[in-house]
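Undergrad: Questions regarding the structure given below will be posed in turn.
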Amino acid sequence: MKPQGAMKDFESLLCLCNIKTTTLFKLIISFIIFLSFSYVFNSINLTSFSIQSLEKSLRNSSSIFVQNPTEKSAGNFQTYPIIPQEKTQLRHIVFGIASSSKLWKHRKEYIKLWWKPEEMRGFVWLDKPVKRSTDDKQCLPSVKISSSTSKFKYKNSIGDRSAIRMSRIVSETVRLGLDDVRWIVLGDDDTFFFAENLVRVLSKYDHNQFYYIGKSSETHRQNIHFSYNMAYGGAGFAISYPLAKTLAKMQDRCLHRYPKLYGLDDRIQACMAELGVPLTVEMGFHQLDIYGDAFGLLAAHPIAPLLSLHHLDVIEPIFPNTGRIQSLRRLKMPMKLDSAGLMQQSICYNSVKNWTISVSWGYATQIFRGIVPAREMEIPLRTFANWYRMHNEVGFSMKTRPLSTNACRRPFVYLLSNAIYNRATNRTASEYVKIQNRNSECNWKETVNPSHVWRVEVYKMREPNLWDKVT
């Protein structure tokens with residue numbers, strides 16, 4: 001028999017154990033309920049996130065098909081339409097034009113030729129204010145004054161420190177905080193842009209990704225000195241807006257690391273290399289690091305939309321016996337009719353007369369005696385010298401062919417004089433008139449002499465969606 005006091009202690013202990021056991025049981029149940037609610041809540045969030053990710057990945061689709069879970073029969077789907085993303089338009093591009101107060105008075109005339117005040121957005125970036133007439137304000141982009149670059153060192157002995165100021169145009173444009181921007185396009189004040197073609201090209205790319213789009217120089221030595229991975233600023237280049245915003249965050253630090261570089265374009269490329277973004281090449285950008293007559297290059301334009309021409313003060317006028325501004329005005333005539341087809345080369349043959357005919361639409365037509373293979377006709381005639389004033393073939397970054405000294409092999413050249421568009425037939429008619437050639441003295445008897453042909457007419461279907469077919 002246990003003592004009474006001991007029995008009371010045992011009962012108290014048993015009671016305490018029951019209380020603790022009950023409390024522990026309740027805590028375990030509460031914890032399980034909490035985990036259950038957390039799982040359900042996280043599952044709902046995960047499902048919501050998955051649906052959002054699915055919608056984002058299929059944003060270019062016209063609809064998403066979701067099976068109704070209440071229906072047991074197979075193939076019972078509901079359709080939820082999704083509005084496709086709008087294609088890139090001209091208003092999504094912001095132009096940054098690098099210029100200086102010293103050259104502005106002359107160079108602004110080039111910009112007036114391609115700038116569309118009612119349709120385009122952009123700024124001319126100068127080192128200091130300039131006088132602007134009423135016509136300038138109506139026909140040209142707004143002017144911005146670049147911020148000071150005195151904190152940056154410039155140690156290139158042959159360059160100009162204005163390159164630092166100009167390279168920061170991208171960052172300064174980003175800091176303006178403009179809405180609905182997809183691309184920033186940089187160019188010089190003597191760059192002629194073909195805006196409609198620029199829109200066509202940029203529409204191919206996802207502007208939400210990092211893209212640095214442009215082209216290298218026509219002169220091989222220039223690319224060796226700078227880089228084949230560099231987009232030349234005079235030719236113009238495009239930077240997707242997310243990349244531009246990322247560049248803006250680090251560009252000043254990047255510039256401090258490259259005081260010995262020459263220009264704005266190699267500074268931009270150095271920063272792109274640090275960001276790990278390669279150059280995406282588009283053949284329609286033309287730096288034109290050449291001297292002389294660009295005819296051979298333009299008459300055999302690569303199969304790509306014409307995007308830009310540069311060094312307009314250096315090369316000869318693209319139409320002889322006219323001024324540079326007048327030449328570009330003449331080029332605007334076919335550009336308005338069919339910009340997608342401008343300078344695109346077509347090669348055909350007249351077997352009866354034994355001729356090879358090359359048409360660079362909207363610019364020039366050539367007639368060669370004999371049958372010249374298309375593979376050869378695609379190679380530009382060397383009517384120009386490279387940037388170091390040398391004519392040798394190895395001096396260029398693309399294959400060229402010499403202009404023959406044999407009169408029988410030299411082309412008869414016809415340059416654009418007029419172009420019209422017939423809406424009823426959706427066809428353009430362009431006229432090309434012969435320029436004086438010293439190649440009539442030829443003793444080839446197997447071909448008809450083209451010297452009697454003074455005018456060529458070309459009829460072409462207008463294809464504004466020509467480059468949409470290319471994948």
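The values are calculated or read from the model by the stated rules, or taken from the named source; none is laboratory data. Given the structure is predicted, the values throughout are model-derived calculations rather than measurements. Positions of Cβ are backbone-derived with ideal geometry, glycine not excepted, and every protein chain shown enters the neighbour counts. What goes into the accessible areas is simple: the full protein's heavy atoms, side chains included, and nothing from ligands, DNA or RNA. Shrake-Rupley method; radii C 1.70, N 1.55, O 1.52, S 1.80 Å.
Undergrad: Leaving ligands, DNA and RNA out of it, report the carbon-plus-sulfur percent of the accessible area of region 151-241 at a 1.4 Å probe.
TA: Its accessible area is 47 percent carbon and sulfur atoms.
Undergrad: Can you tell me the accessible area per residue over region 243-304, all protein chains present, probe 1.4 angstrom, in square angstrom?
TA: Heavy-atom SASA per residue in region 243-304 reads 37 Å².
Undergrad: Can I get the semi-axes of region 276-360's equivalent ellipsoid? Compute them from the C-alpha gyration tensor as square roots of 5 times the eigenvalues, in angstrom, largest first.
TA: Working: eigenvalues 116, 75, 38 Å².
For region 276-360, the ellipsoid semi-axes come out as 24, 19, 14 Å.
Undergrad: Still on this structure, I have one more. Let a ≥ b ≥ c be the square roots of the eigenvalues of the Cα gyration tensor of region 88-130; is it rounded (a/c under 1.5), or, if not, prolate (a/b larger than b/c) or oblate? Kindly include the intermediate steps, with their values, before the conclusion.
TA: On the way: a/c = 3.10, a/b = 1.83, b/c = 1.69.
It comes out prolate by the Cα gyration axes.
Undergrad: May I pose another question? Would you work out if region 186-250 is rounded, prolate or oblate? Take a ≥ b ≥ c from the square roots of the eigenvalues of the alpha-carbon gyration tensor; rounded if a/c is under 1.5, else prolate when a/b is larger than b/c, oblate otherwise. If you can, show how the numbers build up before the last one.
TA: Working: a/c = 1.87, a/b = 1.29, b/c = 1.46.
It comes out oblate by the Cα gyration axes.
Undergrad: So with the 1.4 Å probe, I'd like the accessible area per residue for region 399-471, rounded to whole Å².
TA: Heavy-atom accessible area per residue stands at 68 Å².
Undergrad: What is the packing order of peptides 219-227, 85-93, taking the mean over residues of other C-beta atoms within 10 Å and listing the highest first?
TA: For the peptides 219-227, 85-93, the packing ranking is 219-227, 85-93.
Undergrad: Continuing with this model, one more query. On a 26 Å Cα-Cα criterion, which of the cross-link pairs LYS144/LYS336; LYS144/LYS245; LYS112/LYS245; LYS353/LYS460 come out too long?
TA: With Cα atoms farther than 26 Å apart: LYS144/LYS336; LYS112/LYS245.
Undergrad: Still on this structure: What are the ³J(HN,Hα) couplings of region 218-228, residue after residue, when phi is run through the Karplus curve with 6.51, -1.76, 1.60 and θ = phi - 60°? Round to Hz, x for glycine and proline.
TA: Once rounded to whole Hz, the list reads 6, 9, 4, 5, 4, 5, 5, 5, 9, 5, 6.
Undergrad: Working from the alpha-carbon coordinates of region 103-157, get Rg over Rh, Rh being the Kirkwood radius.
TA: 1.07
Undergrad: Kindly give the semi-axes, whole Å and largest first, of the ellipsoid equivalent to region 230-322, taking each as the square root of 5 times a Cα gyration tensor eigenvalue. Walk me through the numbers on the way to the answer.
TA: On the way: eigenvalues 194, 47, 19 Å².
That gives 31, 15, 10 Å for the three semi-axes.
Undergrad: Report the calculated FRET efficiency for ILE145 and LEU466 (r = Cβ-Cβ distance, R0 = 56 Å), to the nearest 0.05.
TA: The calculated FRET efficiency here is 0.85.
Undergrad: Could you compute the net charge surrounding ILE97? Neighbours are other residues with a C-beta less than 11 Å from the C-beta of ILE97; K and R count +1, D and E count -1.
TA: In short, 0.
Undergrad: Per the Kirkwood formula on distinct C-alpha pairs, the Rh of region 133-189 is how many angstrom?
TA: 13.8 Å
Undergrad: What is the spread of the Cα atoms of region 353-397 along each of their three principal axes, largest first, in whole Å?
TA: Cα extents, longest axis first: 40, 23, 14 Å.
Undergrad: Something else: Give the Rg (one decimal place) followed by the Dmax (whole number) of region 301-340, computed from C-alpha coordinates and expressed in Å.
TA: Rg and Dmax of region 301-340, Cα atoms, are 11.0, 28 Å.
Undergrad: Related question: Please compute the per residue accessible area over region 74-194 with all protein chains in place, 1.4 Å probe, rounded to a whole number of Å².
TA: Ligands and nucleic acids excluded, the result is 51 Å² per residue.
Undergrad: Treating the Cα atoms of region 292-428 as identical point scatterers in vacuum, please give the log10 of the normalised Debye intensity I(q)/I(0) at q = 0.11, 0.15, 0.16 Å⁻¹, two decimals.
TA: -0.43, -0.80, -0.91
Undergrad: While we're looking at this one, here's another question. Whole Å is fine, so just give me how far the alpha carbon centre of region 343-405 lies from that of region 97-136.
TA: About 36 Å separates the Cα centre of region 343-405 from the one of region 97-136.
Undergrad: Based on the alpha carbon coordinates of region 99-206, what radius of gyration and maximum Cα-Cα distance (Dmax) apply, in Å?
TA: Radius of gyration, then largest Cα-Cα span, for region 99-206: 15.0, 42 Å.
Undergrad: From the Cα trace of region 181-292, what convex hull volume per residue do you get, rounded to a whole Å³?
TA: About 111 Å³ per residue, rounded to a whole number.
Undergrad: Let me ask something else. Does region 393-471 classify as rounded, prolate or oblate by the C-alpha gyration tensor (a ≥ b ≥ c root eigenvalues; a/c under 1.5 gives rounded; else a/b over b/c gives prolate, otherwise oblate)?
TA: On the way: a/c = 2.78, a/b = 1.39, b/c = 1.99.
Judged from the Cα gyration tensor, region 393-471 comes out oblate (a/c at least 1.5, b/c at or above a/b).
Undergrad: To continue, here is another question. Placing +1 at every Lys and Arg Cβ and -1 at every Asp and Glu Cβ, with all other atoms neutral, what dipole size does region 285-439 have around its Cα centre, in debye to the nearest 20?
TA: 400 debye
Undergrad: Computed over the Cα atoms, what is the radius of gyration of region 168-218 divided by 2.2 N^0.38 Å, N being its residue count?
TA: Cα Rg divided by the expected 2.2 N^0.38 Å: 1.26.
Undergrad: About the Cα centre, and with charges only on the beta carbon of Lys, Arg (+1) and Asp, Glu (-1), how big is the dipole of region 237-310? Nearest 20 debye, please.
TA: Numbers: 6 positive and 7 negative charges, 91 e Å.
Here region 237-310 has a charge dipole of around 440 debye.
Undergrad: Of the heavy-atom accessible surface of region 414-459 (probe 1.4 angstrom), what whole percent is carbon and sulfur?
TA: 47 percent
Undergrad: Please report, in debye to the nearest 20, how large the charge dipole of region 104-225 is about its Cα centre when each Lys and Arg carries +1 at its beta carbon and each Asp and Glu carries -1 there.
TA: For region 104-225, the charge dipole is close to 580 debye.
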